[in-house]
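The block underneath contains the structure these notes are about, expressed in C-alpha cells.
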Amino acid sequence: MDPATFLAFAIFVIVMTGTPGPGNLTFLAIGASAGYRTAFPVIVASQIGSLPLKLSVAYGLGHVMAGGGPIVTIFKVLSMAYMTYLAWRIVSLSVRPKGEVALPSFWEGLLIHPLSPKTWAMNLVAFSTFLAGNTLSVHENALILVTGFTLGGMVFHSLWALAGVSILALIGDGPLMRTITVSMAVAMIAATLWSLVL
C-alpha cells in the first residue's frame, strides 16, 4: 500500500469511527448515565464483537452483504431490534432509580457492531476503496482493516464515553440529564434507521 492510500485510509477510519453512529451514541449515553468505568468493558466487548465482522468483510462476506437479498433483510430486522433494545436500556438507566436497572454488560456490548449498519457500511467501503485490488495478500489487508478500525473504535468510543461523563459532571443527574439521555437514545435509533435506509 502506497503512503497516499494509507493516509487516505487512516483519515477515513478517523472520520468514520469518530462521527455519531449507534456505537458512539451508545457510549456517550452509558458514560453520562453510569460513568466511564461502566462504559469501558462494553467498549472492549464491542471491539471483540466487531472482529468477526471485519474478518468477514476482508475474506469475502462483504460481497454477499452488498448483494442484498434475504440475508440483508434479516440483518436489518435484527439490527433495528437490537438498537431499539439498547436505546431502551439506556433510557431505563436514566429514568429509573439507581440500582433498579442492571448496567449494560460486556455480553451486550459484543453485539453492538455486528448489528450496526454503520459498522458494516464503513468496513465495506474501506475495504473496497482502499484495500481491494492492491498488491498485498488478503491476510495483510485483513490485518490492516482490523487494526485500523479497532484502534479507531477504542479511541473514539472512549472519547464519546468521556464526553458523556463530562456532561454528567457539568449538569448533574437531574431532569436535564434525563432529557439528554433520552435524546441520545432517540438519536441512536434514528442513526440506525438512516443507515438501514441508505
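The values are calculated or read from the model by the stated rules, or taken from the named source; none is laboratory data. Model, not experiment: these values are computed from the prediction. Each accessible area value is taken on the protein alone, full model and side chains, heavy atoms only, with ligands, DNA and RNA left out. Shrake-Rupley method; radii C 1.70, N 1.55, O 1.52, S 1.80 Å.
The table that follows gives values for the structure above.
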{"item": "Percent carbon-and-sulfur accessible area, the chain, ignoring ligands, DNA and RNA, probe 1.4 Å", "result": "77 percent"}
{"item": "Structure-derived Cα Rg over 2.2 N^0.38 Å - corresponding label in (i) 1.05; (ii) 1.11; (iii) 1.00", "result": "(i)"}
{"item": "Heavy atoms of ARG178 accessible to a 1.4 Å probe, total area in Å² rounded to 10", "result": "80 Å²"}
{"item": "The chain, relative contact order [Cα under 8 Å, separation at least 6], %", "result": "46 percent"}
{"item": "For the stretch 135-141, 3J(HN,Hα) per residue [Karplus equation, 6.51 cos²θ - 1.76 cosθ + 1.60, θ = phi - 60°, Hz, x = Gly/Pro]", "result": "8, 7, 6, 4, 5, 5, 5"}
